[in-house]
1. Under 8 Å between Cβ atoms, which residue pairs at least 6 apart in sequence (or on different chains) link something in the range 5-17 that is free of Cβ contacts under 8 Å to residues at least 60 places away in the same chain with a partner that is open to solvent by less than 100 Å² (accessible area, probe 1.4 Å) and assigned to a helix (DSSP H, G or I)?
2. Would you point out the residue of the range 51-82, among those that are more than 29 Å from the chain's Cα centre (by Cα) and open to solvent by less than 100 Å² (accessible area, probe 1.4 Å), that is modelled with the lowest pLDDT?
3. How many residues are within 24 Å of the chain's Cα centre (by Cα) and either open to solvent by less than 90 Å² (accessible area, probe 1.4 Å) or within 15 Å of V48 (Cβ to Cβ) (or both) if we restrict to the range 1-22?
4. Do you know which residues across the range 28-85 are over 30 Å from I13 (Cβ atoms) and either among the aromatic types (F, W, Y) or in contact with a strand residue (DSSP E or B) (Cβ under 6 Å, 6 or more places away or on another chain) (or both)?
5. Which residues, taken from the range 23-50, are out of contact with any helix residue (DSSP H, G or I) (no Cβ under 6 Å at 6 or more places or on another chain), surrounded by 10 or more Cβ atoms within 10 Å (Cβ to Cβ) and in a loop (DSSP other than H, G, I, E, B)?
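The values are calculated or read from the model by the stated rules, or taken from the named source; none is laboratory data. These numbers were taken from a predicted model, which means no experiment stands behind them. All Cβ positions, glycine included, derive from the backbone under ideal geometry; neighbour counts span all protein chains shown. What goes into the accessible areas is simple: the full protein's heavy atoms, side chains included, and nothing from ligands, DNA or RNA. Shrake-Rupley method; radii C 1.70, N 1.55, O 1.52, S 1.80 Å.
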Amino acid sequence: MRLLAIILLLIFIAAGIVFGALNADLVGYDLGFAQLRLPKGAALLGAVVIGWLLGGLTAWLGVSMRQGRQQRRQLRADKKSPVKP
């Protein structure tokens, strides 16, 4: 399974390199506070990386908030239950 994941990763890296080489034209971006001129491939790679990071952050926050709620519920339940001698 790990070998398959490595092979797929290498295929996508190779495809990204080819895509970046074929799309070397500069594209202008106006972000409001800055103006950038980047190759199309670099802009796409940047967008993918930013999306990956934001998706990971969202998933991490969702899991950590759910765990926090479960811990608080468990603490409240432990406080309400009578202590057995």
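1. G16/G41
2. Looking at residues that are more than 29 Å from the chain's Cα centre (by Cα) and open to solvent by less than 100 Å² (accessible area, probe 1.4 Å), I get S81.
3. Within the range 1-22, residues that are within 24 Å of the chain's Cα centre (by Cα) and either open to solvent by less than 90 Å² (accessible area, probe 1.4 Å) or within 15 Å of V48 (Cβ to Cβ) (or both) number 14.
4. F33
5. A24
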